[in-house]
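Okay, so here's the structure we're looking at.
No value in this document is a laboratory result; all are computed from the given coordinates. The structure displayed is predicted, hence computed values, not measured ones. Don't worry about glycine lacking a Cβ; one is built from the backbone with ideal geometry, like all the others, and counts go over all protein chains shown.
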Amino acid sequence: KDNTSSVIEVRLRPAQAQWRYRLDVFADGRRVYFDRQSLRSQHFFGVTVYTPSHILNQSEVIIMFESGAGVEVVENKGYMSARVYLPWTFIVSSTRGTCLRGC
């Protein structure tokens, strides 16, 4: 969730329920799917959620907020991992006093 955006939740489905989808995605408490071409990219208040077109089992979900921050959630062999992407300006302004390079 960004400051004022919709709440997006990504959950790993139980092993016995992964025959079709690997991850469950909820937007403001409502389950959403990405199994049709028209649903690959969905827009909610302050956030866009999408899955790559070549992935059919909903094992990768990308969440991009209006602030420029993003989260990529991936399921692989029963494990869920996440990567957080932040704009450089956000990193610099949030880490004042911290040496990031060549100290």
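Considering only the range 10-24, I want to know if a residue exists there that is touching a residue at least 12 places away in the same chain (Cβ under 8 Å) and more than 18 Å from Asn76 (Cβ to Cβ). Within the range 10-24, not a single residue is touching a residue at least 12 places away in the same chain (Cβ under 8 Å) and more than 18 Å from Asn76 (Cβ to Cβ). If you check Ser6, Ser53, Ser41 for being under 26 Å from Pro87 (Cα atoms) and crowded, with 16+ Cβ neighbours inside 10 Å, only one passes: Ser6.
Residue count for the range 31-70, restricted to those that are part of a strand (DSSP E or B), among the β-branched types (Val, Ile, Thr) and without any contact (Cβ under 8 Å) to a residue 24 or more places away in the chain: 3.
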